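**Student:** Mind looking over this structure? Questions follow.
The values are calculated or read from the model by the stated rules, or taken from the named source; none is laboratory data. Model, not experiment: these values are computed from the prediction. Counting neighbours? That spans all protein chains shown, and the Cβs are built from the backbone with ideal geometry, glycine included. We work out accessible area using only protein heavy atoms, side chains counted, and drop any ligands, DNA or RNA first. Shrake-Rupley method; radii C 1.70, N 1.55, O 1.52, S 1.80 Å.
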Amino acid sequence: MAANNRRMSGKKGAQVGSGGNRRRGLEGKGPTPPAEARKGHVKNRIANAKAKKASGRRPAPKGRGGKGTSEMVVGRNPVFEALRDGVPASTLYVQQFIDNDERVREALQLAAERGGIHLMEAPRPELDRMTNGLNHQGLVLQVPPYEYAHPEDLAAAAYDEGQDPLIVALDGVTDPRNLGAVVRSVSAFGGHGVLVPERRAAGMTAGAWKSSAGTAARTPVARCTNLTRALEAYKKAGIAVVGLAADGEHEVGDLQALSGPVVVVVGSEGKGLSRLVGETCDFRVRIPMPGGAESLNAGVAAGIVLYEASRRRRV
């Protein structure tokens with residue numbers, strides 16, 4: 001009997017029951033909840049935005065897309081035009097003992113009328129240092145960093161207004177003037193924003209602000225680290241991705257997808273869409289050009305597609 005007790009005392013493993021804990025741990029946890037109920041999912045955020053709309057509360061812009069870099073506009077005419085065209089500005093630097101001609105007086109008057117712009121007098125060597133020796137002619141305007149939206153914010157803002165998202169994404173567009181023209185077209189046709197990549201793409205510089213003719217103040221621009229992944233996220237949220245291509249399978253006037261939630265992807269003039277972005281698109285559409293032109297710049301191409309989408313939504 002003693003030997004038997006010794007054998008039992010050396011036995012490995014639990015000596016008592018688990019109280020049913022292991023059995024309950026093996027039981028199923030029920031079906032996976034729908035995307036709208038899963039915290040952190042894009043559809044959950046969209047559902048929350050709709051709920052806020054129903055309760056009369058408008059969500060504040062998140063600004064999670066990061067900030068750009070500050071910029072200097074130099075020279076009497078460029079500074080005057082930037083102030084006249086509503087380019088955001090934080091400080092106007094004026095050279096000490098500057099020759100006070102008409103353009104200088106107009107720039108100072110515009111800065112004073114706009115308000116919120118600091119006027120700073122500085123010696124010429126300081127302005128030379130600030131501008132890396134550029135011909136500033138005694139006037140330097142500091143443009144603050146642009147605060148970009150997050151790609152998800154564009155769709156959420158559309159749903160918050162009870163509308164289907166209408167967004168333009170730019171692939172390889174490096175001219176800020178083209179970006180400004182696209183922003184202007186998005187604003188004109190009731191779109192909800194523009195998406196640009198962080199690298200190898202135009203950003204919201206003073207030139208983009210000027211080309212937008214003031215519409216950049218009310219049309220958000222979002223920025224993403226990877227355009228393909230951002231488009232995939234839109235697709236998962238039920239938004240069609242339509243790419244413009246000269247050899248597209250559909251004509252822009254025949255595509256029914258423009259009637260619903262859509263992201264229109266515009267490539268650079270000449271190169272068009274990159275391979276990965278083109279493969280991500282649900283549809284590739286072409287713009288008929290009977291005049292024989294090979295391509296259109298991004299601003300014009302986006303305007304044509306946005307007009308067609310706006311027309312379909314009004315029908």
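**Student:** Name the GluC sites (Glu not before Pro) in the range 226-315 that are in a loop by DSSP and that have at most 16 other C-beta atoms within 10 Å, would you?
**Tutor:** Filter output for the range 226-315: E249, E294.
**Student:** Quick one: of the DSSP bridges fully inside the range 168-315, what percent are antiparallel, nearest 5?
**Tutor:** Percent antiparallel among DSSP bridges in the range 168-315 is about 5.
**Student:** Using a 1.4 angstrom probe on the protein heavy atoms only, could you order D254, D160, D85 from most to least accessible area?
**Tutor:** D254, D85, D160
**Student:** Just reorder Y146, Y307 by solvent-accessible area, largest first, 1.4 Å probe, all chains present.
**Tutor:** Largest accessible area first, the residues go Y307, Y146.
**Student:** Another question about this same structure. With every protein chain kept in place and ligands, DNA and RNA left out, what is the accessible area per residue of the range 179-277? Probe 1.4 Å, answer in Å².
**Tutor:** 42 Å²
**Student:** For the range 70-207, what relative contact order do you get, as a whole percent, if you take Cα pairs closer than 8 Å and at least 6 residues apart?
**Tutor:** RCO, the range 70-207: 28 percent.
**Student:** Moving on. Cut-off 16 Å, label point 7 angstrom out along Cα-to-Cβ of R200: give me the residues of the range 268-305 whose amide nitrogen falls inside.
**Tutor:** 268-280
**Student:** Let me ask something additional. What shape does the range 249-315 have by the C-alpha gyration tensor, where a ≥ b ≥ c are the square roots of the eigenvalues, rounded means a/c under 1.5, and otherwise prolate means a/b greater than b/c and oblate the rest?
**Tutor:** Since a/c reaches 1.5 but b/c is at least a/b, the shape of the range 249-315 is classed as oblate.
**Student:** Rounded to the nearest percent, how much of the accessible area of the range 192-246 (1.4 Å probe, protein heavy atoms only) is carbon and sulfur?
**Tutor:** Whole-percent figure for carbon plus sulfur exposure: 49.
**Student:** If you take every residue apart from V285 with its C-beta less than 14 Å away from the C-beta of V285, what net charge results, scoring Lys and Arg +1 and Asp and Glu -1?
**Tutor:** So the surrounding residues net to -3.
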